1. Pull out the extension gain between Glu93 and Ala35, defined as 0.36 nm times the separation in residues minus the alpha carbon to alpha carbon distance; nm, one decimal.
2. What's the local net charge at Val24, with K and R +1, D and E -1, over the other residues with C-beta under 13 Å away?
3. Please compute the length gained on full extension between Lys107 and Arg82, using 0.36 nm multiplied by the number of residues separating them and subtracting their Cα-Cα distance.
4. With the Cα gyration tensor of the range 21-143 in hand, convert its eigenvalues to equivalent ellipsoid semi-axes via √(5λ) and list them largest first in whole Å.
5. Starting from the Cα-Cα distance between Asp26 and Gln44, subtract it from 0.36 nm times their residue separation and give me the gain in nm to one decimal.
6. Report the charge-dipole magnitude of the range 21-143 in Debye, nearest 20, computed about the Cα centre from +1 at each Lys and Arg Cβ and -1 at each Asp and Glu Cβ.
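Since every read-out is calculated from the coordinates, none of them should be taken as a lab result. Remember, it's a predicted structure, so these values are computed and weren't measured experimentally. As a convention, Cβ positions derive from the backbone with ideal geometry for all residues, glycine included, and neighbour counts pool all protein chains shown.
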Amino acid sequence: MKRLIFASLLSLAAISAAYAQVTVKDPWVRATVPAQTTTGAYMQISAAKDAKLVQARSPVAGMVEIHEMAMAGDVMKMRAVREIDLPAGKIVELGPDGYHIMLMKLKGQVKDGDIVPLTLIVENKDGKRENVEVKAVARALADTMSGEHHHHHH
């Protein structure tokens, strides 16, 4: 009987996974120093069907925006973007040197090892929105790549 219940639960998990539109891998947030008011969140996102990331939220921040780092002439500049395209079956990398999620007006220090909850709002071609709940692990600066912007002024 236990085996039957377990098999049923496994098949339900497989069915719900098959319907999931968006997969997030390796989500992490840069840990902060005391009094730091911004940080970035990074991850790999893939969608089963064409979609776009249109918004992000987190209870640890007063303001959350989707940003892009891009070369403008010889200068690396950061700007807010309205959305990030998620082409079907492709992995979209959110990292320090490209697209990323900025957490601003932090409500407290994000310490190494903290779990930071994020909600990603993804919109499909039909305009239907799906919330994707993500738990990102905070990593200390020494544990991450060195290319990220530390000072972000608005």
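1. Contour length minus the Cα-Cα distance gives 18.0 nm.
2. -2
3. 6.6 nm
4. Each semi-axis is the square root of five times an eigenvalue, giving 23, 17, 13 Å.
5. Using 0.36 nm per residue and subtracting the Cα-Cα distance, I get 5.8 nm.
6. So the magnitude is around 300 debye.
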